[in-house]
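Novice: Below you'll find the structure I mean.
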Amino acid sequence: MSTVYDVIACPVCSGRLFPRGKSLVCDAGHTYDISSSGYVNLLPPGRKNNAVTGDRRDLVRARSRFLETGLYDAVSDVASGLVLHALNGKRPVFADFGCGEGYHTCRIASAVRDKLGAVTGVGIDASKYAAEAGARRAAKNSFSSFSESGGDLGFVAGNFFDPPVRDGSLSCVVSMFAPVAYDACLRALGKGGALVVLFPGPDHLIELREALYPEVKRSERSLDPPKGFRGSEKTEKKYKAPLEDEEVLGDLLGMTPFGCRAPESAKERAFDSGLGDVTVDVSAVLLIRE
Ligand SMILES: C[S@@+](CC[C@H](N)C(=O)[O-])C[C@H]1O[C@@H](n2cnc3c(N)ncnc32)[C@H](O)[C@@H]1O
């Protein structure tokens, strides 16, 4: 059975990583500490921009609180359904590129474990705060991360454009609400492997965007499969999510890029309008590596 050590790779030399005490080490001797929360920082050392690509701690916390309301569970159910479909007959080994605090990653991994009896997953995020939260969440959901004997769901700080994973080691990559690193996915997936992409549809959080901005664009994303992939039908999920109180609205504002960027006066308008229900409009595609 696969473990996280069959997936992750040294970000310096791409060699295999093995557990040694409280660290991971490759054959060349590059060493990475396993943090007390259980995540490992596999961002390439010495790159100045490491600190700025990932989400800030406050944003990670806002998203964690919001997701724990369950209002986006139907969204991760779409992802889980596509991942299960994609893994049919394959090794149940997946990674979540830009996993955030691992809420959806853990739900997908649980769905795979329940249905297929085993799972190996790796959550990768540039934010160490997100990777740390993911590791804590995995432990709460009875997953083991980087232990001496293996690990079924590990969270690492890493760059999904140059992910610390072994070539062809994955059956499936998930990319939810994040830029898609197609070239990296081609490298990490074996032939016939699947890339599951979830992205906002034109009406996603439309009530919130209209409350924040005088003009709102409803743009459709192109679905042409990129080079090296063939595509499938689009799956759409659209429903109303009740924002029960101001705290939930505050967290939603705090976790969305347009909410973070909005001027304070616009945020106040959103609170004053007492939004009520907001539209969740999400599209998903399953791409197969040729
Ligand atoms: C909008 S959030 C989505 C998080 C999660 N997938 C979800 O749907 O809740 C995008 C995530 O991508 C991460 N991210 C951005 N650039 C990245 C990069 N180059 N490598 C890895 N993660 C990155 C951010 O830190 C953030 O957690």
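The values are calculated or read from the model by the stated rules, or taken from the named source; none is laboratory data. Here the structure is a predicted model, which is why all the values come from computation and not from measurement. Glycine also receives a Cβ, built like all others from the backbone with ideal geometry; neighbour counts cover every protein chain displayed.
Novice: Just checking, how many residues over the stretch 253-267 are under 30 Å from Ser80 (Cα atoms) and either without any contact (Cβ under 8 Å) to a residue 60 or more places away in the chain or touching a Gly at 6+ places or on another chain (Cβ under 6 Å) (or both)?
Specialist: The qualifying residues number 5.
Novice: Separate question: For the stretch 118-146, which positions are over 16 Å from the mean Cα position of the chain (by Cα) and either within 12 Å of the ligand (Cβ to nearest atom) or on the phi > 0 side of the Ramachandran plot (or both)?
Specialist: Ser142
Novice: Report, ordered by the first and then the second residue, all pairs with beta carbons closer than 7 Å, sequence separation of six or more or different chains, a first member in the stretch 77-93 that is modelled with pLDDT of 95 or more, and a second member that is in a loop (DSSP other than H, G, I, E, B) and among the β-branched types (Val, Ile, Thr).
Specialist: Listed pairs, sorted by first residue: Pro92/Val119; Val93/Val7.
Novice: Can you tell which of Arg63, Arg20, Arg56, Arg16 is among the charged types (D, E, K, R) and surrounded by 21 or more Cβ atoms within 10 Å (Cβ to Cβ)? Write out each step before concluding.
Specialist: Details: Arg20 fails: surrounded by 21 or more Cβ atoms within 10 Å (Cβ to Cβ); Arg56 fails: surrounded by 21 or more Cβ atoms within 10 Å (Cβ to Cβ); Arg16 fails: surrounded by 21 or more Cβ atoms within 10 Å (Cβ to Cβ).
Result: Arg63 is the single residue among Arg63, Arg20, Arg56, Arg16 that is among the charged types (D, E, K, R) and surrounded by 21 or more Cβ atoms within 10 Å (Cβ to Cβ).
Novice: Taking into account only those residues within the stretch 66-75 that are touching a residue at least 40 places away in the same chain (Cβ under 8 Å) and touching a helix residue (DSSP H, G or I) at 6+ places or on another chain (Cβ under 7 Å), which is surrounded by the fewest Cβ atoms within 10 Å (Cβ to Cβ)?
Specialist: Per the criteria, the residue is Thr69.
Novice: Looking only at the stretch 165-213, which residues are part of a loop (DSSP other than H, G, I, E, B), under 30 Å from Thr3 (Cα atoms) and more than 12 Å from the ligand (Cβ to nearest atom)?
Specialist: Step one: list which residues in the stretch 165-213 are part of a loop (DSSP other than H, G, I, E, B), which gives 166-169, 177-181, 201-205, 213.
From what is left, the residues that are under 30 Å from Thr3 (Cα atoms) are 166-169, 177-181.
Result: Arg166, Asp167, Gly168, Ser169.
Novice: Kindly indicate whether Leu186 is within 21 Å of His85 (Cβ to Cβ) and not basic (Lys, Arg).
Specialist: Considered against the rule, which asks whether it is within 21 Å of His85 (Cβ to Cβ) and not basic (Lys, Arg), Leu186 comes out as yes.
Novice: Sticking with this one: Could you please let me know if Asp96 is in contact with a helix residue (DSSP H, G or I) (Cβ under 8 Å, 6 or more places away or on another chain) and either basic (Lys, Arg) or at pLDDT below 95 (or both)?
Specialist: For Asp96, the condition - in contact with a helix residue (DSSP H, G or I) (Cβ under 8 Å, 6 or more places away or on another chain) and either basic (Lys, Arg) or at pLDDT below 95 (or both) - is not met.
Novice: Residue by residue through the stretch 31-76, note down the ones that are of a type in the set (D, E, K, R), farther than 17 Å from Thr256 by Cβ and either modelled with pLDDT of 95 or more or touching a His at 6+ places or on another chain (Cβ under 6 Å) (or both).
Specialist: Asp33, Asp73
Novice: Restricting attention to the stretch 149-164, and to residues there that are within 15 Å of the ligand (Cβ to nearest atom) and assigned to a loop (DSSP other than H, G, I, E, B), which single residue is surrounded by the most Cβ atoms within 10 Å (Cβ to Cβ)?
Specialist: Among them, the one singled out is Gly158.
Novice: Here's another thing I want to ask about it. Taking Ala270, is it over 22 Å from Ala86 (Cα atoms) and in contact with a Lys or Arg (Cβ under 7 Å, 6 or more places away or on another chain)?
Specialist: Values: over 22 Å from Ala86 (Cα atoms): yes; in contact with a Lys or Arg (Cβ under 7 Å, 6 or more places away or on another chain): no.
Answer is no for this residue.
Novice: Do any helices (runs of 4 or more DSSP H) lying entirely in the stretch 1-107 carry at least 3 residues that are within 16 Å of the ligand (Cβ to nearest atom) and in contact with a strand residue (DSSP E or B) (Cβ under 6 Å, 6 or more places away or on another chain), and which ones are they?
Specialist: Of the helices (runs of 4 or more DSSP H) lying wholly inside the stretch 1-107, those with at least 3 residues that are within 16 Å of the ligand (Cβ to nearest atom) and in contact with a strand residue (DSSP E or B) (Cβ under 6 Å, 6 or more places away or on another chain) span 73-87.
Novice: Tell me the helices (runs of 4 or more DSSP H) entirely within the stretch 217-290 that contain at least 3 residues that are of a type in the set (A, V, I, L, M, F, W, C).
Specialist: Here the list reads 246-255, 264-272.
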